[in-house]
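Trainee: Let me give you the structure first, and then I'll get to my questions.
The values are calculated or read from the model by the stated rules, or taken from the named source; none is laboratory data. Keep in mind that what you see is a predicted model, and the values were worked out from it rather than measured. Ideal geometry is used to build each Cβ from the backbone, glycine not excepted, and the neighbour counts take in all protein chains shown.
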Amino acid sequence: MRAYALLWGAVLLGGTAAIGHAQGLQTGTRTVPAMFVAYEGNTSPTPGARQEIEAAFGRLWMRCHASGLHPIGLPILGSRETVSGFDHDASVAFRARHYVTGNAVVAASGNVDHDELVTLAETHLRTLREAPRTVRPVAQAAGVSRVSVLGKETEQAHILYGVETMNAHHPDRFALAILDGVLGGGMSSRLFQEIREKRGLVYAVYSFSSLFQDTGQFAVYAGTRPDNAQTVIELIRAEMESIAHDGVTPAELDRVRQSAKGHLVLGMESTRNRMTRLGKNEAVGGEILSADEIVERFDAVTMADLERVAASVLAREKVLAVIGPFEEEQLRPLVA
C-alpha cells in the first residue's frame, strides 16, 4: 500500500507545504495568467464549444436562484479575479475549514485488502481535524429570466435546454435514467430519430442528467445551424412535452432498461469505474449499491413510475442557454 501513502502525502502534506509558505503560494499564482490564456484560447471546436455552453448554462443556473451564487453555477477553474485574489491567509483558512474528517472519502477497488486499507486510512487520516461534513444550504429558485445567450457570429449554434431535477440519492433516479435514454440516449432515442434522422437539422443531439448532493439538472444538448436553432428548440420542447403528457411505450421502457443494465455490467469491467462509482456515491450521501442491486432497481421501474416522474420533471420551468448570433428577446418565448 505504498501507493496509498504517496497519494495521501501528495494530497495532504503537499497542500500543507504549499500553503505553509507565502512564497509557495506566490509561485503558484504566477501560473494563473498562462492557465487562463490556455483555457480561453482553446480552438478545438467540440471541447471549446462544450466548455462555453456549459459555462453559459452555469451562469444561467446561478441567475435562477435567489442568492445568485449557487455553487453548481461556478466554474471549477474559477476566474482570473478569484484565483489571483486569494492570499496566504485565505488559503490557510480554506484548508482549515474543508480539510476535515467529515469531508474525506476513501474509495478503492481491485486487488486490495479491506482491513489493510482501513488501517492505512485511519493512520493517515488522523492528521485531519475531526469535524462534520460541510453543510451547503439548498438554494431557492428566483423569478428571473431563464434564457442566457452568448452572442457570437458562429457557423454552428450550441443549445442547452433543460430543467432542474432531483438529487443524486432520490429513489426516482432510476426512472429518470430510463427517461433520459428514451428522450435522447443514443441513436434509437426520440430526439435523435426525430431531429437528426428524420429532419436532418442537427449535427448532434442528446439528453443527459447531472445529479448532485442537493439538486440536479436534466438537459438536452443540440448543435445546429443558427437558422435552424429556433426550430430545433421547438422540437426539443415538443418531445419533452410529449413524454410529460403521454409517457413512453412499453417497448421503449424495455429497450432502454436492457441497454442501461448492459452498460452497467460492461462498466464494471473497469476497476477505475468501480472506484469512481463508490467514491461518488459516498461523496453525495447516496446508497452504496452492488451491481445486482442496481439491476434490481432498474427492473423495478414500472410504466406508472415513468409517467409520474415524466409529469413531475419534464413539466417544470425550462431554462435555455445558447451560443450563436442571437438576442435573448428572440428566444425568450421558447421557455415561456
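Trainee: What's the total number of residues in region 241-282 that are exposed (fewer than 15 other Cβ atoms within 10 Å of the Cβ), among the small types (Gly, Ala, Ser) and not in a helix (DSSP H, G or I)?
Mentor: 1
Trainee: What pairs come up if the first residue lies in region 247-268 and is assigned by TED's automatic domain parsing to the domain that holds GLY185 and touching a residue at least 12 places away in the same chain (Cβ under 8 Å), the second is aromatic (Phe, Trp, Tyr) and surrounded by 15 or more Cβ atoms within 10 Å (Cβ to Cβ), and their beta carbons are under 7 Å apart, counting only those six or more places apart or on different chains?
Mentor: Filtered contacts from region 247-268: ARG257/PHE298; ALA260/PHE298; LYS261/PHE298.
Trainee: Considering (1) more than 30 Å from ALA283 (Cα to Cα); (2) modelled with pLDDT under 95, say which one PHE192 fails and leave the rest.
Mentor: (2)
Trainee: Here's a check for you: in region 192-235, which residue that is without any contact (Cβ under 8 Å) to a residue 24 or more places away in the chain and surrounded by fewer than 17 Cβ atoms within 10 Å (Cβ to Cβ) is nearest to VAL163 (Cα to Cα)?
Mentor: SER210
Trainee: For GLY285, all conditions in the list (1) assigned to a helix (DSSP H, G or I); (2) modelled with pLDDT under 90; (3) under 19 Å from the mean Cα position of the chain (by Cα) hold save one; what is the number of the exception?
Mentor: Unmet condition: (1).
Trainee: Can LEU176 be described as buried (at least 17 other Cβ atoms within 10 Å of the Cβ) and either of a type outside the set (A, V, I, L, M) or not in a strand (DSSP E or B) (or both)? Show your work before the answer.
Mentor: Working: buried (at least 17 other Cβ atoms within 10 Å of the Cβ): yes; either of a type outside the set (A, V, I, L, M) or not in a strand (DSSP E or B) (or both): yes.
Considered against the rule, which asks whether it is buried (at least 17 other Cβ atoms within 10 Å of the Cβ) and either of a type outside the set (A, V, I, L, M) or not in a strand (DSSP E or B) (or both), LEU176 comes out as yes.
Trainee: Pick out the one residue from ALA93, ALA121, ALA108 that is under 30 Å from GLN217 (Cβ atoms) and either assigned by TED's automatic domain parsing to the domain that holds GLU164 or aliphatic (A, V, I, L, M) (or both).
Mentor: Being under 30 Å from GLN217 (Cβ atoms) and either assigned by TED's automatic domain parsing to the domain that holds GLU164 or aliphatic (A, V, I, L, M) (or both) holds for just one of ALA93, ALA121, ALA108, which is ALA108.
Trainee: Go through region 288-336 and report how many residues are surrounded by fewer than 13 Cβ atoms within 10 Å (Cβ to Cβ) and not in a helix (DSSP H, G or I).
Mentor: Total satisfying the criteria: 6.
Trainee: For GLY200, all conditions in the list (1) on the phi < 0 side of the Ramachandran plot; (2) out of contact with any helix residue (DSSP H, G or I) (no Cβ under 6 Å at 6 or more places or on another chain) hold save one; what is the number of the exception?
Mentor: With respect to (1) on the phi < 0 side of the Ramachandran plot; (2) out of contact with any helix residue (DSSP H, G or I) (no Cβ under 6 Å at 6 or more places or on another chain), GLY200 is out only on (1).
Trainee: Listed residues SER109, SER91; which is touching a residue at least 60 places away in the same chain (Cβ under 8 Å), surrounded by 14 or more Cβ atoms within 10 Å (Cβ to Cβ), assigned to a loop (DSSP other than H, G, I, E, B) and not hydrophobic (A, V, I, L, M, F, W, C)?
Mentor: Exactly one residue qualifies, and that residue is SER109.
Trainee: If you check HIS170 against the conditions, is it farther than 30 Å from VAL135 by Cβ and either touching a residue at least 12 places away in the same chain (Cβ under 8 Å) or touching a helix residue (DSSP H, G or I) at 6+ places or on another chain (Cβ under 7 Å) (or both)?
Mentor: No, not satisfied.
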